[in-house]
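Since the structure comes first, as structure tokens, the remarks are kept for the end.
The values are calculated or read from the model by the stated rules, or taken from the named source; none is laboratory data. All values derive from a computational prediction rather than experimental measurement. Here the Cβ positions follow ideal geometry from the backbone for every residue, glycine too, while neighbour counts run over all protein chains shown. Ligands, DNA and RNA are excluded from the accessible area calculation, which covers all protein heavy atoms including side chains. Shrake-Rupley method; radii C 1.70, N 1.55, O 1.52, S 1.80 Å.
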Amino acid sequence: HVQLVESGGGLVQPGGSLRLSCAASGIVFRRNVMGWYRQAPGKERELVATITSGGLSNYADSVKGRFTISRDNVKNTVDLQMNSLKPEDTNVYYCKAYDIYYASTYWGQGTQVTVSS
């Protein structure tokens, strides 16, 4: 039984910061590439950042220098620190796990991030 439980979303002013967290259970955490994706109404879900079990990260150009992804392989969590937030960052943010052994993808329920004054 796989669960990805997200927290930390909310309303923030432009230029502000939020930290999202995803707690994973039911998976062999270190076998999974973890990621954060986002989706606005009427838009495709897009990659924000990914991180391998060894800590190698990848970011969308739109968030480079502002967002940082990290993981804790003891607590089985993956976080997304979001700084210098812009209105265009307003989205539902989803946690993703990809098991490289089973080639299986799992998604969290999504958490709303709204950047507005």
Practice prompt. Identify, by number, the condition in (1) more than 30 Å from His1 (Cβ to Cβ); (2) small (Gly, Ala, Ser); (3) open to solvent by less than 30 Å² (accessible area, probe 1.4 Å) that Ser117 doesn't meet.
Written response: (3)
Discussion item. So if I check each of Gln39, Gln3, Gln81, Gln13, which one is in contact (Cβ under 8 Å) with a residue 40 or more places away in the chain, in contact with a strand residue (DSSP E or B) (Cβ under 9 Å, 6 or more places away or on another chain) and open to solvent by 70 Å² or more (accessible area, probe 1.4 Å)?
Written reply: Gln13
Worksheet item: Does Thr90 meet the test of being modelled with pLDDT of 95 or more and either more than 15 Å from Gly110 (Cα to Cα) or not β-branched (Val, Ile, Thr) (or both)?
Response: no
Worksheet item: Quick one: would you say Val92 is crowded, with 19+ Cβ neighbours inside 10 Å and not basic (Lys, Arg)?
Response: no
Discussion item. Return the residues of the range 42-78 that are more than 20 Å from Ser17 (Cβ to Cβ), over 12 Å from the mean Cα position of the chain (by Cα) and open to solvent by less than 50 Å² (accessible area, probe 1.4 Å); say none if nothing qualifies.
Written reply: Thr52, Ser53, Gly55, Asn73, Asn76
Worksheet item: Just to be sure, is Leu85 outside any strand (DSSP E or B), within 17 Å of Gly9 (Cα to Cα), in contact with a Ser or Thr (Cβ under 8 Å, 6 or more places away or on another chain) and not small (Gly, Ala, Ser)?
Response: yes
Worksheet item: From the set of residues in the range 88-117 that are touching a Cys at 6+ places or on another chain (Cβ under 8 Å) and not in a loop (DSSP other than H, G, I, E, B), which is farthest from Gly9 (Cα to Cα)?
Response: Trp107
